[in-house]
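> Structure incoming, see below.
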Amino acid sequence: MKSSAKGFASITCAAIVVILLSTAPMYMVGMSEKLRGENEWSTYRNNVHHTSLSDMQLEGNSANLLWKFKAHDGVVSSISIGEDGTLYFGSWDNNFYALNPDGTLKWKIYLKDSVVSSPAIGSDGTIYVGAYKYLYALNGNGVIRWKVQIGDDVLSSPAIGKDGTIYIGANSYKIGSTKGWLCAIDTNGSVKWKFNMMGNPDWSSPAIGDDGTIYIGTDYGIVYAINPDGSEKWEFQPGEDVSASPTIGEDGTIYIPCDNSVYALNKDGKMKWKFTPKDSALIDSDISLDKNGNIYGIYETSPDNNGNTTYYLFALSPKGQLLWRFAGKGEGSSSSISNDGTIVFGDSNGIVHAVKDGTEIWNFSAEKYIIATPTIGSNNTIYVGDSAGYVYALHVSSANSTSHSPQEEENIPWLWIGAGLGAAAIVIAVAALVKKRKGKKKENMEE
């Protein structure tokens, strides 16, 4: 009896240890990711290189609506995520919004004009966004810390340099003026410098290279490379309009969509290659890059006899060779890419598409057309706004699977801990039973 009880206890302990050790890594990894903040999408297109590449996976073949929030007018500002999961974005209704992770309103602030600029969040939690003539700095509770006038109109989205300097483009609408600005602002709201450009940046937002060089385009078809001190490094004129934002690869290559082509430039401003689809009429969406350096963009064809256009999401190799393309009707927004290579974008029909290797995995229908670049968050969640004023939170999962909702995933570590405590209680109970039986056997022998 002694040996069998001991054996049972040993086997039980060993089995529990194996189970706990085998399941712990899955859930502890999820916990450590949240602690490290790897799920942040704290600036326009996720980083100052504007690759729109996420560290998160998007595993699944369907997308379900978790919640939706209604602003008073269209949301074309892309959504940025704070460390605590707060979602920040602007709207055509002249307000800037902060939502809780469950989609409820945290606060909003009126900024006098449409907010199409996408916010950037500083290391101290300060939120920077452009609206009307100003760059605003907001505290996490929605109170204005400061604002500074930088032009006549601000459509560009800010980018934050390594030293905390905020870079943003501003338009000039003065009669007789053909010059907009690239502005550098310090964290106290003081203008460090303003660089005069030929043409307005419009939607073009500054990208920052590893060496601190700032890149931005204008509606005169010029791409500027500006040193951190505000002096010009070089300029390149690929065509008539560069209102899209530059994208920077890991090797420093700068990718520029302009007119009906994509240009790849060396760090010295010399052209490496140019890609022009035969049926392309316009490429004005930002370029995205995956972890292998492949390039993704969207081009539109000329209207047919009925005035309808077709767009193509296309993939290029790092050398500019076409890998595949995916067709849709109307116009497409800029795309975002998950770590597993899923490309997510919206279109003028109000459809959010997920495409991988040229094949559509799933789609979701919004209320109205989509301009904003989708944001990829944690827990297989995508956030995107539409022109009807809705912000959608979509949860990606596999159909007919036992996948967990984000709330359930947050509870999983606690379930694991609970299972561990339960297992420990079983071990203690078995050990006590063995000890009790040993004691009785000893008493019988003494008698």
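> Please work out if Gly130 is buried (at least 16 other Cβ atoms within 10 Å of the Cβ), part of a strand (DSSP E or B) and not aliphatic (A, V, I, L, M). Spell out the reasoning first.
Values: buried (at least 16 other Cβ atoms within 10 Å of the Cβ): yes; part of a strand (DSSP E or B): yes; not aliphatic (A, V, I, L, M): yes.
When the stated conditions are applied, Gly130 passes them.
> So the check is Cβ under 8 Å with 6+ separation or different chains; which pairs have a first residue in region 114-139 that's free of Cβ contacts under 8 Å to residues at least 60 places away in the same chain and a second one that's basic (Lys, Arg) and not in a loop (DSSP other than H, G, I, E, B)?
Correct list of pairs: Tyr134/Lys147; Leu135/Lys147; Tyr136/Lys147; Ala137/Arg145; Ala137/Lys147; Leu138/Arg145; Asn139/Arg145.
Let's see how each residue does on (1) more than 16 Å from Lys319 (Cβ to Cβ); (2) in a loop (DSSP other than H, G, I, E, B):
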| site | (1), (2) |
| --- | --- |
| Tyr224 | yes, no |
| Asp229 | yes, yes |
| Trp234 | yes, no |
| Asp241 | yes, yes |
| Ala244 | yes, yes |
| Asp251 | no, yes |
| Ile256 | yes, no |
| Trp273 | no, no |
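> Taking Ile254, is it within 24 Å of the chain's Cα centre (by Cα) and touching a residue at least 24 places away in the same chain (Cβ under 8 Å)? Step through it out loud before you land on a result.
Details: within 24 Å of the chain's Cα centre (by Cα): yes; touching a residue at least 24 places away in the same chain (Cβ under 8 Å): yes.
It is true that Ile254 is within 24 Å of the chain's Cα centre (by Cα) and touching a residue at least 24 places away in the same chain (Cβ under 8 Å).
> Take the conditions closer than 20 Å to Tyr136 by Cβ and either small (Gly, Ala, Ser) or over 20 Å from the mean Cα position of the chain (by Cα) (or both) and apply them to Ser205. Does it pass?
Values: closer than 20 Å to Tyr136 by Cβ: yes; either small (Gly, Ala, Ser) or over 20 Å from the mean Cα position of the chain (by Cα) (or both): yes.
In short, yes.
> So, Gly90, is that one crowded, with 18+ Cβ neighbours inside 10 Å and either closer than 22 Å to Leu394 by Cβ or not assigned by TED's automatic domain parsing to the domain that holds Ala71 (or both) or not? I'd like the intermediate steps shown before the answer.
Details: crowded, with 18+ Cβ neighbours inside 10 Å: yes; either closer than 22 Å to Leu394 by Cβ or not assigned by TED's automatic domain parsing to the domain that holds Ala71 (or both): yes.
Yes; evaluated as a whole, the condition is true for this residue.
> Note down all Cβ pairs under 6 Å where the first residue falls in region 349-362 and is closer than 15 Å to Ile298 by Cα and in a loop (DSSP other than H, G, I, E, B), the second is at pLDDT 95 or above and of a type in the set (A, V, I, L, M, F, W, C), and they're at least six residues apart or on different chains.
Sorted first by the residue in region 349-362, then by its partner, the pairs are Gly358/Trp324; Gly358/Phe326.
> So which residues in region 300-327 are over 18 Å from Asn260 (Cβ atoms) and either small (Gly, Ala, Ser) or touching a Lys or Arg at 6+ places or on another chain (Cβ under 6 Å) (or both)?
Gly307, Ser317
> For the structure I just gave you, tell me whether Ile295 is crowded, with 22+ Cβ neighbours inside 10 Å, in the same structural domain as Ile222 (by TED's automatic domain parsing), of a type in the set (A, V, I, L, M, F, W, C) and within 25 Å of Ile214 (Cα to Cα).
Values: crowded, with 22+ Cβ neighbours inside 10 Å: yes; in the same structural domain as Ile222 (by TED's automatic domain parsing): yes; of a type in the set (A, V, I, L, M, F, W, C): yes; within 25 Å of Ile214 (Cα to Cα): yes.
Spelling it out, Ile295 is indeed crowded, with 22+ Cβ neighbours inside 10 Å, in the same structural domain as Ile222 (by TED's automatic domain parsing), of a type in the set (A, V, I, L, M, F, W, C) and within 25 Å of Ile214 (Cα to Cα).
> While we're on this one: Given the criterion over 20 Å from Asn47 (Cβ atoms), acidic (Asp, Glu) and modelled with pLDDT of 95 or more, identify the matching residue among Asp251, Asp229, Asp286.
Details: Asp251 fails: over 20 Å from Asn47 (Cβ atoms); Asp286 fails: over 20 Å from Asn47 (Cβ atoms).
The conditions single out Asp229.
> Run down Ser177, Ser204 and say which single residue is surrounded by 15 or more Cβ atoms within 10 Å (Cβ to Cβ), assigned to a loop (DSSP other than H, G, I, E, B) and either in contact (Cβ under 8 Å) with a residue 40 or more places away in the chain or in the same structural domain as Val75 (by TED's automatic domain parsing) (or both). Lay out the reasoning, then the answer.
Details: Ser177 fails: surrounded by 15 or more Cβ atoms within 10 Å (Cβ to Cβ).
Only one candidate passes the filter, namely Ser204.
> Continuing with the same structure: Which condition number in (1) farther than 25 Å from Gly389 by Cβ; (2) modelled with pLDDT under 95; (3) not hydrophobic (A, V, I, L, M, F, W, C) is the one that Lys112 fails?
Result: Lys112 passes all but (1).
> Same structure again: Quickly run through region 145-174 and pick out the residues that are in a strand (DSSP E or B) and within 18 Å of Asp93 (Cα to Cα).
Asp153
> So the check is Cβ under 6 Å with 6+ separation or different chains; which pairs have a first residue in region 275-292 that's outside the structural domain of Tyr215 (by TED's automatic domain parsing) and a second one that's buried (at least 19 other Cβ atoms within 10 Å of the Cβ) and assigned to a loop (DSSP other than H, G, I, E, B)?
none
> Would you confirm, using the coordinates I've provided, whether Lys106 is of a type in the set (Lys, Arg), closer than 17 Å to Thr43 by Cα and assigned by TED's automatic domain parsing to the domain that holds Asn196?
Values: of a type in the set (Lys, Arg): yes; closer than 17 Å to Thr43 by Cα: no; assigned by TED's automatic domain parsing to the domain that holds Asn196: yes.
Criteria not met by Lys106.
The values are calculated or read from the model by the stated rules, or taken from the named source; none is laboratory data. Just so it is clear, the model here is predicted, and its values are computed rather than measured. Methodologically, a virtual Cβ is constructed for each residue, glycine included, from the backbone with ideal geometry; neighbour enumeration extends over all protein chains shown.
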